[in-house]
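Q: Take a look at this one; I'll ask things after.
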Amino acid sequence: MVKFSKQFEGQLVPEWKEAFVDYWQLKKDLKKIHLLNNNNKNTLIKHSHHNSLSSNFLSSLKGGFSLFGHQHRDHEAIHVHKKLASSASKGDMYETELVEQFEDSDAAKEFFSCLDLQLNKVNQFYKTKEKEFLDRGDCLKKQMDILVELKAAFKQQRDKAANSALDSTEDASIDCRISCEEDSVTDRIEQEQIQDDSTDDLEKNEVLDSPRSEEMGKSTTIMKREDRKLRTLSGRVFNCQGKNLRINIPLTTPSRTFSAISYLVWGDLVNQSSNNCNPEGSKLRINKTKLHHAEKMIKGAFIELYKGLGYLETYRNLNMLAFVKILKKFDKVTEKQVLPIYLKVVESSYFNSSDKVMNLADEVEDLFIKHIAEEDRRKARKYLKPHQRKESHSVTFFIGLFTGSFIALLVGYVIMARITGMYRQHPDTAYMETVYPVLSMFSLMFLHFFLYGCNILMWRKSRINYSFIFELAPTKELKYRDVFLICTTSMTAVVGVMFIHLSLLTKRHSYSQVQAIPGLLLLSFLLLLVCPFNICYRSSRYSFLCVIRNIVLSPLYKVVMLDFFMADQLCSQVPMLRNLEYVACYYLTGSYKTQDFGYCMRAKHYRDLAYAVSFIPYYWRAMQCARRWFDEGQINHLVNLGKYVSAMLAAGAKVAYEREKSVGWLCLLVVISSAATIYQLYWDFVKDWGLLQMNSKNPWLRNELVLRRKFIYYFSMGLNLVLRLAWLQTVLHSNFEHVDYRVTGLFLASLEVIRRGQWNFYRLENEHLNNAGKYRAVKTVPLPFHEVDEED
């Protein structure tokens, strides 16, 4: 049977862990009482001089009297006082007074003091979150009412157009009039932005110990009006169905970005031509596409609100169970009956007696079924209550099967390569130039994927909510077993094909007959990646392709955590990308037919492409930083952009030195790479990992740590420093004895992949702790419609 403490830790909301009952501290206090009671009992036994018969007789009488006394007790062991708090936001406060004498009164007072503190903390946090969700629910109801009205008006307009038989290729749209309230609306937006920023900046001690301050946003710098207009497809107020409304569509796609830019340009020209609005105003058309985007945003907000209400219900149930469990343990240790007394107080407290959350959850479900799921309850539950994919034992079986097959094939391949001398200092040049890049490319890619599976396993063990951070759908995300299965299956296929290919070469088959095999292997993986059939994790494959699309077009797409996290992975896979470029050139130009493997190195345009591939991942990442600065206005993103610019310069200097091998390029490479390494190490330790905090209670680390052993952090920092200096091999030209230089390059590239795998864990740990510090367990979805009062 699983201990309750393990069950409690496994089911609580990770970002709200500090707001839950500190069950472990209460157990420590209870253990102290238990040890003191045992010491007192041992002392009494030593001083007892009665004979065994009379002692047993008296103890039995005492036990019967004790049992009778528990049933007919005239007074209670404790009394819980209910006090009014100094602030209305804190609610009622509870304080326990000991009425009966305990064997150790000081320890009992300390226990109940901690218990009261936990009850007050739970009540206050529940009340704060309940108010937050209720306000969000009221706002969403208004959003839904506006959407329903606009959809009805759109349908009416479409029917009117159909009845009038107008021949038009344009979509039907609602004709609205733009009012002259743009400036006032902008001020309102800025005030809302200030309020949102101040809410996000609340630390956890402020959430638990003090009410929300109304003046926190006064010191926030107001963004410029043009910046705000660019960041949303809005800025204008329109009147529809008797209401002044503003529609906000975030710039998440290229089309919306270009629309916002054109709106800014043409809007300025229009404003210059007409300073005063005429009574008719200008026309704004809201078509089906805009309504679809607005409905999608409201749908996402409803899903997140429902998820948050579910978390709050879990918070209520787990805390109630924790109080019951710890009070039972107290009664067992002290042989008092405190449970029914204190439990009565807990049951009547705010977090357990309030039913507003359950009522709102039912209301949200009804609205979702009626307006979004089109009265389809099963469809609504698929979104609101998605089922987790069950882990099958067959996955574990196949992981073991393919792992054994991979090891056997790898040993066979290594033995055969050793016999034929393929990897010596003077190997078969044709094999190393044409086949080895394919093997190297797959090895780096699936090593990285294997480390990602290890990251998922460690994040789960450490209760880091990676699914929430990456915004992964619970029904589609890959578990660590799925990742390991993909790695073992793929590498078994790769090594198997390489083994067959090398076997054919040793049997004196010509290169022209077997040279297409590595190319066909690469082509089969690419076809599987884009396969439209629902096999081999189709949803995950398509999500991966969407992320790659967002990275390639990064200035035009809104950047989320998963996008820039994946772009960082590509920055560690530059050798793999260069191998991919070379293999693609070799097969697409038909060089494999003539064995002319040097063509791609001689042709100038392919050499330039190889030069570009070396720094294009850093360019993508820099563009993401620029876009985040554009969206959020934080100067840190520009500083981060400088880091990737320095990495681009270092990569360019490395490629130039590999071509020229001159002293000038060597000096430039050392200077630029050293500066880039220092820049990257600072950002790794301070910004990405959140370490090296001077005033931390953990020297050179941070206050909050997920891992218990501190030396792991120091070791990881040292390892990251050493692996960041792998570029020195370019200067030192160090190779393993009797091994081809390409094998040394693969080894160094593998070290960078391992460094990235280690970096991933601490990066998400820091992100998780930031979310936990602000109790951010659900995503805040922007809402499309904002109603504007006429007096504004």
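Q: Using alpha-carbon pairs under 8 Å, 6+ residues apart, how would you state the relative contact order of the stretch 512-603 in percent? Walk me through the numbers on the way to the answer.
A: Working: 32 pairs, mean separation 30.1, N = 92.
Result for the stretch 512-603 is 33 percent.
Q: How would you order 475-488, 513-526 from highest to lowest mean count of nearby Cβ atoms within 10 Å?
A: Working: 475-488: 19.1, 513-526: 15.1.
Highest mean packing first, the order is 475-488, 513-526.
Q: If each residue of separation counts as 0.36 nm, what is the full-extension length gain between residue 362 and residue 770 once their alpha-carbon separation is subtracted?
A: Details: separation 408, 0.36 × 408 = 146.88 nm, distance 3.13 nm.
Difference between extended and current length: 143.8 nm.
Q: Rounded to the nearest 10 Å², what accessible area does residue 366 have for a 1.4 Å probe in the complete protein model?
A: 90 Å²
Q: Right, next: What is the sum of charges around residue 480, taking Lys and Arg as +1, Asp and Glu as -1, for the other residues whose C-beta is under 14 Å from the C-beta of residue 480?
A: Working: positive: 389, 460, 461, 479, 481; negative: 391, 477, 482.
Within the 14 Å Cβ shell, the charges total +2.
Q: To the nearest 0.05, what FRET efficiency results for residue 729 and residue 542 with a Förster distance of 30 Å applied to their C-beta separation?
A: Working: r = 38 Å, r/R0 = 1.27.
According to the calculation, E is roughly 0.20.
Q: If you stretched the chain out fully between residue 377 and residue 159, how much longer would it get, using 0.36 nm times the residue separation minus the C-alpha to C-alpha distance?
A: Working: separation 218, 0.36 × 218 = 78.48 nm, distance 2.90 nm.
Working it through step by step, the gained length comes to 75.6 nm.
Q: A follow-up question, please. Pick out, from 108, 150, 122, the residue whose Cα sits farthest towards the positive end of the charge dipole of the stretch 79-157, with +1 on the Cβ of Lys and Arg and -1 on the Cβ of Asp and Glu.
A: Result: 150, furthest along the dipole toward the positive end.
Q: Which ³J(HN,Hα) values in Hz, rounded to whole numbers, follow from the phi angles of the stretch 611-625 under the Karplus curve 6.51 cos²θ - 1.76 cosθ + 1.60, where θ = phi - 60° and Gly and Pro get x?
A: 5, 5, 4, 5, 10, 5, x, 5, 5, 4, 5, 5, 5, 5, 4
Q: Now for a different question. Extension gain residue 596-residue 28, at 0.36 nm per residue separation less the Cα-Cα distance, in nm?
A: Working: separation 568, 0.36 × 568 = 204.48 nm, distance 7.35 nm.
Additional length available on full extension: 197.1 nm.
Q: Follow-up question, since we're still on this one. Starting from the Kirkwood Rh over alpha-carbon pairs, what translational D in µm² s⁻¹ does the stretch 383-537 have by Stokes-Einstein at 37 °C and 0.692 mPa s?
A: On the way: Rh = 17.9 Å.
Calculated translational D: 184 µm²/s.
Q: Further question: Take the Cβ-Cβ distance between residue 604 and residue 552 as r, set R0 to 25 Å, and report the resulting FRET efficiency rounded to the nearest 0.05.
A: On the way: r = 25 Å, r/R0 = 0.98.
After rounding to 0.05, the efficiency reads 0.55.
Q: Which whole-number percent gives the relative contact order of the stretch 325-408, counting Cα pairs below 8 Å spaced six or more residues apart? Write down the numbers at each step before the final one.
A: On the way: 21 pairs, mean separation 8.9, N = 84.
Answer for the stretch 325-408 is 11 percent.
Q: Now for a different question. Please give every one of the lysines within straight-line cross-link reach of residue 160, meaning a C-alpha to C-alpha distance under 19 Å, and leave out same-chain neighbours fewer than 8 residues apart.
A: Leaving aside lysines fewer than 8 places away in the same chain, those within reach of residue 160 are 151, 283, 288.
Q: Given R₀ = 22 Å, what would the calculated FRET efficiency be for residue 401 paired with residue 457, taking r from the Cβ atoms and rounding to 0.05?
A: After rounding to 0.05, the efficiency reads 0.65.
Q: Still on this model: Under 8 Å for C-alpha pairs, at least 6 residues apart: give me the relative contact order for the stretch 474-630, rounded to a whole percent. Working shown, then result.
A: Values: 93 pairs, mean separation 40.9, N = 157.
Relative contact order here is 26 percent.
Q: Here's something else I'd like to know. Which pairs in the list 6/370; 325/476; 142/307; 127/325; 155/296 are over 29 Å apart, alpha-carbon to alpha-carbon?
A: On the way: 6/370 40 Å; 325/476 36 Å; 142/307 20 Å; 127/325 23 Å; 155/296 18 Å.
In this structure, 6/370; 325/476 exceed 29 Å between Cα atoms.
Q: Say the cut-off is 24 Å between C-alpha atoms; which of 382/479; 336/356; 27/109; 129/290 go over it? If you can, show how the numbers build up before the last one.
A: On the way: 382/479 20 Å; 336/356 35 Å; 27/109 14 Å; 129/290 32 Å.
Over 24 Å Cα-Cα: 336/356; 129/290.
Q: May I ask for the distance between the Cα centers of the stretch 114-154 and the stretch 328-348, given as a whole number of Å?
A: What the calculation gives is 33 Å, centre to centre.
The values are calculated or read from the model by the stated rules, or taken from the named source; none is laboratory data. These numbers come from a predicted model, not from an experiment. Positions of Cβ are generated from backbone atoms using ideal geometry, with glycine treated the same way; all protein chains shown enter the neighbour counts. Note: areas computed on protein heavy atoms with side chains; ligands, DNA, RNA excluded. Shrake-Rupley method; radii C 1.70, N 1.55, O 1.52, S 1.80 Å.
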